[in-house]
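The values are calculated or read from the model by the stated rules, or taken from the named source; none is laboratory data. What you see is a predicted model; the values in this text were computed from it and never measured. Note that each Cβ is placed from the backbone with ideal geometry, even for glycine, and that neighbours are counted across all protein chains shown. Note: areas computed on protein heavy atoms with side chains; ligands, DNA, RNA excluded. Shrake-Rupley method; radii C 1.70, N 1.55, O 1.52, S 1.80 Å.
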Amino acid sequence: MKARMVPNSQKNGITGIKTITYYGPFDEKELERLKKIFICMEEKEKQLEIPLLKGQSLIIRNSDEVKTEVQLFNHEGDISPLMIENVTIMENPLT
């Protein structure tokens, strides 16, 4: 059963998730709470970036639009963006 549950990520050259970006209308109170939880958070222009292990990151971006983007580590570089409701999954080719 376990062998049949393996996703096709290896076949498509996907080795993991590089970045997850959350877009939404975050107020100052929410952003301050996030800063207390993630002490390594870096504040950049219009966004907060949380560095994770192995070159991964979580980004909180203040926006009127609510959506999530997931960038994948991809050695093949030929995956079309995929939208599932307000989540966009896209490649990030490795060089």
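Does PRO81 satisfy being without any contact (Cβ under 8 Å) to a residue 24 or more places away in the chain, in contact with a strand residue (DSSP E or B) (Cβ under 7 Å, 6 or more places away or on another chain) and open to solvent by less than 90 Å² (accessible area, probe 1.4 Å)? When the stated conditions are applied, PRO81 does not pass them. Considered as a group, the residues in segment 45-59 that are in a loop (DSSP other than H, G, I, E, B) and touching a Lys or Arg at 6+ places or on another chain (Cβ under 7 Å) include one that is most open to solvent (accessible area, probe 1.4 Å), and that residue is LYS46.
Yes or no, residue by residue, for (1) open to solvent by 90 Å² or more (accessible area, probe 1.4 Å); (2) not aliphatic (A, V, I, L, M):
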residue: THR21; (1), (2): no, yes
residue: PHE26; (1), (2): no, yes
residue: LYS29; (1), (2): yes, yes
residue: LYS36; (1), (2): yes, yes
residue: ILE39; (1), (2): yes, no
residue: GLU43; (1), (2): yes, yes
